[in-house]
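What follows is a set of notes on a single structure, which appears directly below.
The values are calculated or read from the model by the stated rules, or taken from the named source; none is laboratory data. This one's a predicted model, so the numbers in the text were calculated from it and none came from an experiment. Here the Cβ is made from the backbone with ideal geometry for all residues, glycine too, and neighbour counts use every protein chain on show.
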2 protein chains.
Amino acid sequence: MAGSELTNIKSPRVKAVRRLTKRAFRDRDRSFLAEGPQAVREALALDGVVTELFATADAELRHAEIITAATLAGVPLFRASGEVMTELAQTVTPQGLLAVCRFVHVPLERAVTADARLVAVLAHVRDPGNAGTVLRTADAAGADAVVFTDASVDPYNGKCVRASAGSLFHLPVTTGVAVTQAVQSLKDAGLRVLAADGAGKQTLDDVDLSGPTAWIFGNEAWGLPEEILRLADEVVRVPIYGRAESLNLATAAAVCLYASARSQRIGPGAG
Amino acid sequence: MAGSELTNIKSPRVKAVRRLTKRAFRDRDRSFLAEGPQAVREALALDGVVTELFATADAELRHAEIITAATLAGVPLFRASGEVMTELAQTVTPQGLLAVCRFVHVPLERAVTADARLVAVLAHVRDPGNAGTVLRTADAAGADAVVFTDASVDPYNGKCVRASAGSLFHLPVTTGVAVTQAVQSLKDAGLRVLAADGAGKQTLDDVDLSGPTAWIFGNEAWGLPEEILRLADEVVRVPIYGRAESLNLATAAAVCLYASARSQRIGPGAG
């Protein structure tokens, strides 16, 4: 562990890291924070992503393999006091590890390629926890990419990073794209674009999901705006068999993405 | 609107309602709080459930049909000042309506009947938001009942009631049951009991879900304990097609419950 322990929450280094909890500073530095052993491990698995690692003395002992990986990768390490870690971390129970990471998103044309078979588009998703959960679910369902449109939350928001549980580092993510541009690229790449909306005339059970598919998910309170529904090839709803008015956004996205994943593997009858 | 406006947050009536945010008082009074127009509307749809309704002047105007329904049902109405409503409500942006409701759960034998085809069991689910979301999803998927075991969160916890989005009032819910007892009842009622766990040998795609099925969902951090896995007829995991380590509990539950719902309607091939 290089250098001495950071104990002063007002030190310039601590303040510089703390600023990355704000989007304006993240965008300026093109950097964000990843907290906890799982996220830090996944970030270290990517070349050149982690630029600084902060660890408490406890965490150094508990996660020796992460410290070793960081050292081998030449990542500057800083030991932080418990108080400094609490200042830096955004979780109530920080697990003593926090990495400053370079932005990992890629341009739209690298996320949406001609061999993509399953893509999730987050349009107007404002809740970072929901967005991160959809990213994690898209990863689990084997999606090729996730697109955050310019009206959606920042994928580097701390809550989104945490809810993604490492998936932000697993698959190509693109951000800040206009929804019209995203849809055009998806269509050009040969994907059928389905808008998930409770007002859809067709249900998941009615559509053939065996081909390459992109799903557009909107804000849970008001679904997708008319102009986005018009851009899509189909508007599809998750069937409600009981008396619930609707599903939570992340839940609906899970049902849609898994229906696609299953159908692409098992065939159209399973859609 | 009977009586004058409640403006004093220290008045005995306000304090009595406020206490229902604590489980011990809920259990003593066998009463809980439902906030917001959607939950209050659903509660009023059940005979004798709402025992008191609190509304701000604004909410009275905005939701006149709810006020009328409450009046017709003989529910005592209290106008609350904004300050009192903020004191009573647990949400940051209370929507000006709050009902004191009688417990709505039913005994296990009324929740799990011989004609039940889909039941969700929450075992060791500690996060009230997750529990409420699973309840909402189970309702959407057409489940016949939801069982909260004695090691799970209180279904009347404010966060759970809110996350359920009214579903707590839609389908039979039972609570405080030992998991062994719940599983025995489910088996006696002819349901196949599946434990959802990331360590399951079989995936959702391998099992025939067309028959009557109960799903047991556990705590998201550590899945289900060995003794519960042994009680189940099968341990089933949601397949992970990508690189995510696991799914969030509510997301995994949605995929399982919808796979069952679809399979029961479309046939085994769709499982």
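Residues of region B:146-160 being crowded, with 23+ Cβ neighbours inside 10 Å and modelled with pLDDT under 95, which ones? Scanning region B:146-160 gives a single hit, B:Ser152. Would you say B:Ala70 is buried (at least 22 other Cβ atoms within 10 Å of the Cβ), over 21 Å from the mean Cα position of the chain (by Cα) and closer than 20 Å to B:Gly166 by Cα? Yes: the conditions hold for B:Ala70.
Residue-wise test of (1) closer than 20 Å to B:Asp154 by Cα; (2) surrounded by fewer than 22 Cβ atoms within 10 Å (Cβ to Cβ); (3) of a type in the set (D, E, K, R).
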residue: B:Lys15; (1), (2), (3): no, yes, yes
residue: B:Asp29; (1), (2), (3): yes, yes, yes
residue: B:Arg41; (1), (2), (3): no, yes, yes
residue: B:Phe54; (1), (2), (3): no, no, no
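If the condition is being farther than 30 Å from B:Val146 by Cβ, of a type in the set (Ser, Thr, Tyr) and surrounded by fewer than 22 Cβ atoms within 10 Å (Cβ to Cβ), then region A:188-243 contributes only A:Ser210. Residues in region A:187-227 that are of a type in the set (A, V, I, L, M) and within 14 Å of chain B (Cβ to nearest Cβ): 5 in all.
Note on region B:168-186: residues that are free of Cβ contacts under 8 Å to residues at least 60 places away in the same chain and within 14 Å of chain A (Cβ to nearest Cβ) total 1.
A residue that is out of contact with any Phe, Trp or Tyr (no Cβ under 7 Å at 6 or more places or on another chain), surrounded by fewer than 24 Cβ atoms within 10 Å (Cβ to Cβ) and under 19 Å from B:Ala214 (Cβ atoms) occurs somewhere in region B:91-106.
Where helices (runs of 4 or more DSSP H) sit wholly within region B:123-191, those with at least 2 residues that are farther than 19 Å from A:Pro239 by Cα and among the hydrophobic types (A, V, I, L, M, F, W, C) occupy B:158-164, B:179-188.
For B:Val153, the conditions (1) in contact with a Lys or Arg (Cβ under 9 Å, 6 or more places away or on another chain); (2) within 14 Å of another protein chain (Cβ to nearest Cβ); (3) aliphatic (A, V, I, L, M) all hold with the exception of (2). Of B:Ala39, B:Ala2, B:Ala57, which residue is closer than 17 Å to B:Gln90 by Cα, at pLDDT below 95 and not hydroxyl-bearing (Ser, Thr, Tyr)? When all the criteria are applied, what remains is B:Ala39.
One residue is enough: does region B:127-139 have a residue meeting the conditions over 20 Å from B:Thr21 (Cβ atoms), surrounded by fewer than 22 Cβ atoms within 10 Å (Cβ to Cβ) and of a type in the set (A, V, I, L, M)? No: region B:127-139 contains no residue that is over 20 Å from B:Thr21 (Cβ atoms), surrounded by fewer than 22 Cβ atoms within 10 Å (Cβ to Cβ) and of a type in the set (A, V, I, L, M). Could you tell me whether region B:228-246 includes any residue that is within 25 Å of A:Ala143 (Cα to Cα), free of Cβ contacts under 8 Å to residues at least 12 places away in the same chain, more than 9 Å from every other protein chain (Cβ to nearest Cβ) and small (Gly, Ala, Ser)? No, because not a single residue in region B:228-246 is within 25 Å of A:Ala143 (Cα to Cα), free of Cβ contacts under 8 Å to residues at least 12 places away in the same chain, more than 9 Å from every other protein chain (Cβ to nearest Cβ) and small (Gly, Ala, Ser). The condition of being surrounded by fewer than 24 Cβ atoms within 10 Å (Cβ to Cβ) and more than 18 Å from A:Leu194 (Cβ to Cβ) holds for A:Thr175. B:Ala163 falls short on exactly one of the conditions (1) touching a strand residue (DSSP E or B) at 6+ places or on another chain (Cβ under 9 Å); (2) buried (at least 22 other Cβ atoms within 10 Å of the Cβ); (3) of a type in the set (Gly, Ala, Ser), and that condition is (1). Looking only at region A:215-222, decide whether some residue is in contact (Cβ under 8 Å) with a residue 40 or more places away in the chain and either under 14 Å from A:Ala141 (Cβ atoms) or outside the structural domain of A:Thr137 (by TED's automatic domain parsing) (or both). Yes, region A:215-222 contains at least one residue that is in contact (Cβ under 8 Å) with a residue 40 or more places away in the chain and either under 14 Å from A:Ala141 (Cβ atoms) or outside the structural domain of A:Thr137 (by TED's automatic domain parsing) (or both).
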